[in-house]
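This report concerns only the one structure given below.
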Amino acid sequence: LAQRYYLQAYSLTREAGDDLHGAFILRILAHNGMDIRRPEHTLDLAEAALARVAGRVDPATGALFAITRARALANAGRGTEAAAQTRVAQDLAARGDEAGLPFHAALWGSARATVSSHTAKTFRALGDHVNAERHYAAAARGRRDPERR
């Protein structure tokens, strides 16, 4: 059911000519596939979303797309690439200005906390539970304390 609504949302962004919001919906579809343990197309979705925003969004927004690709890489068993992509996402989040997030992205919360949460999920998929725990804790701190965003 969720996938049907996400696909409808994607169709609406295409009708509206809003490519960046459409890329964000592709990102959500990738996460949904990973969350329901149907990762067959998640890497393709994450990479398509990232390609559509390349050079067109601020660093904080770019971090959200980069961490989606990292998580998809981990689910595809490409651990070295996933770890490298998490570092890219973390760097973008650290450099980014949260005030620059588009409305539809800001609804999900802080980019830094979101990157921490999905970094944890990436490490969990890689079987690195120590790093997963560390990043889940960072995500929780970032969501509780607005000054830490």
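The values are calculated or read from the model by the stated rules, or taken from the named source; none is laboratory data. On a predicted model such as this, the values are computed, not experimentally measured, just so you know. Positions of Cβ are backbone-derived with ideal geometry, glycine not excepted, and every protein chain shown enters the neighbour counts. Note: areas computed on protein heavy atoms with side chains; ligands, DNA, RNA excluded. Shrake-Rupley method; radii C 1.70, N 1.55, O 1.52, S 1.80 Å.
The GNM of the chain, with springs linking C-alpha atoms under 10 angstrom apart, assigns the highest mean-square fluctuation among Ile25, Ile67, Ile36 to Ile36. Taking each DSSP H run with n ≥ 4 as -39500 (n - 2.57) and averaging over every residue of the chain yields -24500 deg cm²/dmol at 222 nm.
Largest GNM mean-square fluctuation among Arg87, Arg71, Arg37, using the chain with Cα springs under 10 Å: Arg37.
Pop out the carbon and sulfur fraction of the accessible area of the chain as a percent, whole number, probe 1.4 Å.
The C+S portion of the solvent-accessible surface of the chain is 52 percent.
By a 1.4 Å probe calculation restricted to protein chains, Tyr10 has an accessible surface near 30 Å², given to the nearest 10. Taking one quarter of the surface of the convex hull spanned by the alpha-carbon atoms of segment 27-96 gives a direction-averaged projected area of 4.1 nm². Rounded to the nearest 10 square angstrom, Leu107 shows an accessible area of 120 square angstrom against a 1.4 Å probe. What shape does the chain take by its C-alpha gyration tensor, where a ≥ b ≥ c are the square roots of the eigenvalues and a/c under 1.5 counts as rounded, a/b above b/c as prolate, and the rest as oblate? It comes out oblate by the Cα gyration axes.
Distances between placed amide hydrogens fall under 5 Å for Gly96 paired with Ala60, all partners being 5 or more residues away or on another chain.
Put a plus charge on the Cβ of each Lys and Arg, a minus charge on the Cβ of each Asp and Glu, and nothing anywhere else: the dipole of segment 1-123 about its Cα centre is then about 320 debye.
Rounded if a/c is under 1.5, else prolate if a/b is larger than b/c, else oblate: which is segment 66-110, with a ≥ b ≥ c the root eigenvalues of its Cα gyration tensor? Judged from the Cα gyration tensor, segment 66-110 comes out oblate (a/c at least 1.5, b/c at or above a/b). Per residue, what accessible area does the chain have, given a 1.4 Å probe and all protein chains present, in Å²? Each residue of the chain exposes 54 Å² on average to a 1.4 Å probe. For Val130, Val57, the ranking by accessible surface with the largest value first comes to Val130, Val57, using a 1.4 Å probe.
Can you give the charge dipole size of segment 83-124 about its Cα centre, rounded to the nearest 20 debye, using +1 on the beta carbon of Lys and Arg and -1 on the beta carbon of Asp and Glu?
220
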